[in-house]
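Here is the structure we will look at.
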Amino acid sequence: MGKLVVIDGLDGSGKTTQFEILREKLDADTAVKAISFPDYDQPSSALVKMYLNGEISANAADVNAYAASSFYAADRYASYKMFWEKNYLSGELILASRYVTSNAIHQMGKLPESEWDSYLEWLADYEYIKLALPEPNLVIFLDMPVEISQRLMTGRYNGDEKRKDIHEANIEYLKLCRRSALYAAERLGWKAVPCSVGDKVLPIEDISVRLMQLIKEVL
């Protein structure tokens with residue numbers, strides 16, 4: 001079996017930037033298969049696209065947590081069977097931008113907090129047992145406060161707020177997602193890596209050095 005390392009975080013946390021840096025650094029030392037979710041280039045992401053575009057509901061909170069989780073899970077299952085199962089089984093390192101972890105971050109907060117533990121148990125059973133997706137050897141959560149990530153996303157979209165999807169545009173929802181993520185990190189042993197100090201974003205290289213240290217510990 002290979003090893004699976006997951007980089008996750010809220011929108012605007014610098015996840016894509018760090019993912020690309022890590023892919024380049026790791027590929028210099030070992031065979032790496034890089035994957036990213038949702039897989040927007042494939043038909044398996046159709047329900048995810050409908051959900052994020054607001055076609056199912058304009059408010060993400062109105063879409064049942066278990067239903068929305070299933071949209072993403074189906075996309076992951078198709079990706080695994082079609083594109084990286086052989087790599088994983090042959091012993092390669094799999095580097096994933098988002099994974100099952102994203103359901104815990106973005107969907108769990110729709111439920112009362114008293115149901116969070118049962119949701120995490122359901123999620124693990126559904127995706128890791130019933131769908132037989134590999135469990136990560138390491139999950140890194142890039143922790144960026146929502147106020148800062150919103151500022152970064154606004155810059156990414158050149159000030160056009162209409163370009164944000166229903167997750168990106170809902171600040172209160174994102175704050176709840178951050179709380180959900182930190183709860184899941186504590187319960188499930190994820191590594192939460194701070195990406196800011198006060199209202200200042202940490203240098204990209206400082207964050208990537210910390211991520212490489214964590215990854216080397218599991219290789």
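For a Förster distance of 41 Å, can you work out the FRET efficiency between the beta-carbons of ALA124 and ASP199, rounded to the nearest 0.05? Here the calculated transfer efficiency is 0.70. Apolar share of the accessible surface for region 85-126: 48 percent from carbon plus sulfur atoms, 1.4 Å probe. For the residues SER180, SER114, SER97, a GNM of the chain with alpha-carbon springs under 10 Å puts the largest fluctuation on SER114. By the rule of a C-alpha distance below 20 Å, with chain neighbours fewer than 8 residues away ignored, the aspartates and glutamates paired with LYS191 are ASP8, ASP11, GLU20, ASP117, GLU121, GLU135, ASP143, GLU205, ASP206, GLU217. In terms of distances greater than 21 angstrom between alpha carbons, the cross-link table entries LYS3/LYS86; LYS130/LYS175; LYS25/LYS216 yield LYS130/LYS175. Using the 1.4 Å probe convention, the accessible area of the chain works out to 48 Å² per residue with neighbouring protein chains retained. Working note: 222 nm ellipticity from helices only, DSSP H runs with n ≥ 4, each -39,500 (n - 2.57), summed and divided by the residues of the chain, gives -13000 deg cm²/dmol to the nearest 500. The accessible surface of region 1-60, taken with every protein chain in place and a 1.4 Å probe, is 48 percent carbon and sulfur.
Enumerate the whole-percent occupancy of each 5 Å bin, from 0 to the last occupied one, for all C-alpha pair distances of the chain. All Cα pairs, binned at 5 Å, distribute as 1, 7, 15, 19, 21, 18, 12, 6, 1, 0 percent.
The values are calculated or read from the model by the stated rules, or taken from the named source; none is laboratory data. Only a predicted model underlies this, so the values are computations on that prediction, with no experimental measurement involved. Virtual Cβ from ideal backbone geometry, glycine too; neighbours counted across all protein chains shown. Only protein heavy atoms, including side chains, enter the accessible area calculation; ligands, DNA and RNA are left aside. Shrake-Rupley method; radii C 1.70, N 1.55, O 1.52, S 1.80 Å.
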